Amino acid sequence: MQYYNYIKAFHLIFVVTWFAGLFYIPRLFVYQIEAFHKPSPEKEILGKQLKLMAKRLWYIITWPSAILATIFAIWLLILIPSWLNQSWMHVKLVFVLLLFIYHYKTHIYFKQLQNDTVKTSSNFMRIWNEGATFILFAVVFLVILKNAINWVFGVVLIIVLGLLLMLGFKLYKRIRDKNPNT
């Protein structure tokens, strides 16, 4: 247990960098999709640079962070296996599973865009970008509050956050439609 705080610190550092990658990569996808619809040579110039940025972010920051956050999380569970008997940890692990599914689906979008295959709209990617936010809120509330009643309150807050984000997205879309240069 003497190294517990170091292991926990590394786990948190890699969770933060993992989420940083998951927050930024869909934003790059938005730009890639929008660049795909531009005329030549702008399309090719932007497309090449955005693919390179996405590739570096995905393979140098996001994937390694996901792997290292997972390794340190498993290490923490080995040190304190009693957490696996607590209901908040069960719910947290469900959200972690959702995070891996989100990560995997984001990887599919990444591969498509690296191959110049555009199957979604930039508006969809703006909404997709919020998926990691919901998971982050849920996990932080669970880890900090560690009880079901407070967790339910946290879920209500997540739903309210989702509604506010959607309203903000619609407002931004309206402003952007009126002024395409924003």
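The values are calculated or read from the model by the stated rules, or taken from the named source; none is laboratory data. On a predicted model such as this, the values are computed, not experimentally measured, just so you know. Here the Cβ is made from the backbone with ideal geometry for all residues, glycine too, and neighbour counts use every protein chain on show.
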query = So which residues in segment 82-101 are farther than 14 Å from F134 by Cα, loosely packed, with under 12 Cβ neighbours inside 10 Å and of a type in the set (A, V, I, L, M)?
reply = L84
note = Of (1) under 25 Å from L113 (Cβ atoms); (2) at pLDDT 95 or above, K43 fails just (2)
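What number of residues within segment 34-49 are of a type in the set (K, R) and over 24 Å from the mean Cα position of the chain (by Cα)?
Of the residues in that region, 2 qualify.
Residue-by-condition table, conditions (1) within 18 Å of V143 (Cβ to Cβ); (2) crowded, with 18+ Cβ neighbours inside 10 Å; (3) of a type in the set (G, A, S):
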{"position": "H11", "(1), (2), (3)": "yes, yes, no"}
{"position": "L28", "(1), (2), (3)": "no, yes, no"}
{"position": "H37", "(1), (2), (3)": "no, no, no"}
{"position": "I45", "(1), (2), (3)": "no, no, no"}
{"position": "A54", "(1), (2), (3)": "no, yes, yes"}
{"position": "W58", "(1), (2), (3)": "no, yes, no"}
{"position": "L76", "(1), (2), (3)": "yes, no, no"}
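Evaluate segment 78-93: report whether one residue or more is among the aromatic types (F, W, Y) and closer than 30 Å to I144 by Cα.
For segment 78-93, residues among the aromatic types (F, W, Y) and closer than 30 Å to I144 by Cα: present.
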task = Sort through L79, L157 and tell me the only one that's of a type in the set (A, V, I, L, M) and over 20 Å from K8 (Cα atoms).
result = L157
key: Failed item, numbered, when L68 is tested on (1) under 30 Å from Y4 (Cβ atoms); (2) modelled with pLDDT of 95 or more; (3) surrounded by fewer than 17 Cβ atoms within 10 Å (Cβ to Cβ)   = (3)
query = On the given criteria, is K92 at pLDDT below 95 and of a type in the set (K, R)?
reply = yes
remark   = Among (1) among the hydroxyl-bearing types (S, T, Y); (2) under 25 Å from Y104 (Cα atoms); (3) outside any helix (DSSP H, G or I), S40 falls short only on (2)
message = Within segment 19-34, does at least one residue satisfy the condition of being polar (S, T, N, Q), out of contact with any Cys (no Cβ under 6 Å at 6 or more places or on another chain) and without any contact (Cβ under 8 Å) to a residue 60 or more places away in the chain?
response = no
message = If a residue counts only when it is free of Cβ contacts under 8 Å to residues at least 24 places away in the same chain and over 20 Å from R27 (Cβ atoms), which helices (runs of 4 or more DSSP H) contained entirely in segment 68-182 have at least 3 such residues?
response = 87-114, 131-145, 148-178
